[in-house]
Amino acid sequence: MDRDRDWVHLGRALKTDRKRQGLTQEEVADRLTAGLSSVQAIERGQEYTKPTRTIRAYASLLHWTEDSVDQVLAGGDPNHVHHVSAHMTAAKQGRADVDLEDQRLPLRIVHELSDDGELLDTTVIKIGERGRAVIVVKGEPGVSPDELVEELQAWARARARLESGDATEPPAATDGS
């Protein structure tokens with residue numbers, strides 16, 4: 001066993017975060033399809049030769065970033081992924097403006113929301129009498145401030161078309177016109 005890894009610290013961090021998110025050990029075991037004794041052993045700080053799939057799945061369930069398990073084993077604190085699932089937990093705990101409980105989003109949407117791109121804008125556009133589109137506008141990770149300004153300008157044009165009901169692209173300008 002690697003003595004440089006603090007398994008007790010990891011167990012405490014997982015337990016603290018689990019409780020903060022209002023989950024029981026039984027719920028965690030059920031969601032991980034693991035035995036209750038496995039969850040209890042992890043939280044007690046049982047030592048392993050390396051982090052197991054169950055430990056990594058537990059961390060993921062609590063919305064920890066991929067590198068958080070190793071970071072906590074080295075004595076640090078976990079980082080959390082701030083995506084829709086984290087907001088669902090916040091909503092369940094009364095820490096959000098809307099209740100997202102039982103909402104499910106396609107993985108492609110969760111992936112897009114969880115990348116490191118800059119959040120540019122959000123809006124809700126009414127569609128018909130009883131529908132609406134929720135739009136989140138993000139820049140690609142690593143774009144420059146000038147590129148973000150260009151993207152915001154493009155979004156402003158697209159938003160105006162969407163809100164007017166004309167979702168078609170305007171014709172491209174040609175040289176000499």
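The values are calculated or read from the model by the stated rules, or taken from the named source; none is laboratory data. Being a predicted model, the structure only gives us computed values, none of them experimental. Using ideal geometry, Cβ is built from the backbone for each residue, glycine included, and neighbour counts are taken over all protein chains shown. Heads up: the accessible areas ignore ligands, DNA and RNA and are worked out on the full protein's heavy atoms, side chains in. Shrake-Rupley method; radii C 1.70, N 1.55, O 1.52, S 1.80 Å.
Selection of the stretch 136-164 for residues being more than 19 Å from ILE125 (Cβ to Cβ) and polar (S, T, N, Q) yields only SER144.
For (1) surrounded by 14 or more Cβ atoms within 10 Å (Cβ to Cβ); (2) aliphatic (A, V, I, L, M); (3) modelled with pLDDT under 85, each residue gets a yes or a no:
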{"position": "THR89", "(1), (2), (3)": "yes, no, yes"}
{"position": "LYS92", "(1), (2), (3)": "yes, no, yes"}
{"position": "ARG95", "(1), (2), (3)": "no, no, yes"}
{"position": "VAL98", "(1), (2), (3)": "no, yes, yes"}
{"position": "GLY128", "(1), (2), (3)": "no, no, yes"}
{"position": "ARG132", "(1), (2), (3)": "no, no, yes"}
{"position": "LEU148", "(1), (2), (3)": "yes, yes, yes"}
{"position": "GLU151", "(1), (2), (3)": "yes, no, no"}
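One line per residue, one yes/no per condition, for (1) surrounded by 10 or more Cβ atoms within 10 Å (Cβ to Cβ); (2) at pLDDT below 85; (3) within 15 Å of the chain's Cα centre (by Cα):
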{"position": "ASP115", "(1), (2), (3)": "yes, yes, yes"}
{"position": "LEU119", "(1), (2), (3)": "yes, yes, yes"}
{"position": "ILE125", "(1), (2), (3)": "yes, yes, no"}
{"position": "PRO145", "(1), (2), (3)": "no, yes, no"}
{"position": "GLU163", "(1), (2), (3)": "yes, yes, no"}
{"position": "PRO171", "(1), (2), (3)": "no, yes, no"}
{"position": "ASP175", "(1), (2), (3)": "no, yes, no"}
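Here the helices (runs of 4 or more DSSP H) wholly within the stretch 5-65 that include at least 2 residues being over 24 Å from ASP115 (Cα atoms) and basic (Lys, Arg) are 7-20.
Listed by first and then second residue, the pairs with beta-carbon distance under 8 Å, at least 6 apart or on different chains, first residue in the stretch 135-157 and of a type in the set (Val, Ile, Thr), second loosely packed, with under 13 Cβ neighbours inside 10 Å, are ILE135/THR122; ILE135/VAL124; VAL136/LEU119; VAL136/THR122; VAL137/LEU119; VAL137/THR122. Taken over the stretch 63-87, the criterion of being at pLDDT 90 or above and within 16 Å of the chain's Cα centre (by Cα) is satisfied by SER68 alone. Taken over the stretch 5-48, the residue count meeting the criterion of being of a type in the set (Lys, Arg), under 17 Å from HIS80 (Cα atoms) and open to solvent by 60 Å² or more (accessible area, probe 1.4 Å) is 4.
Scanning the stretch 49-62 for residues that are under 18 Å from the mean Cα position of the chain (by Cα), open to solvent by less than 10 Å² (accessible area, probe 1.4 Å) and hydrophobic (A, V, I, L, M, F, W, C) yields ALA59, LEU62. Given the structure, is GLN21 without any contact (Cβ under 8 Å) to a residue 24 or more places away in the chain and under 24 Å from the mean Cα position of the chain (by Cα)? No: the conditions fail for GLN21.
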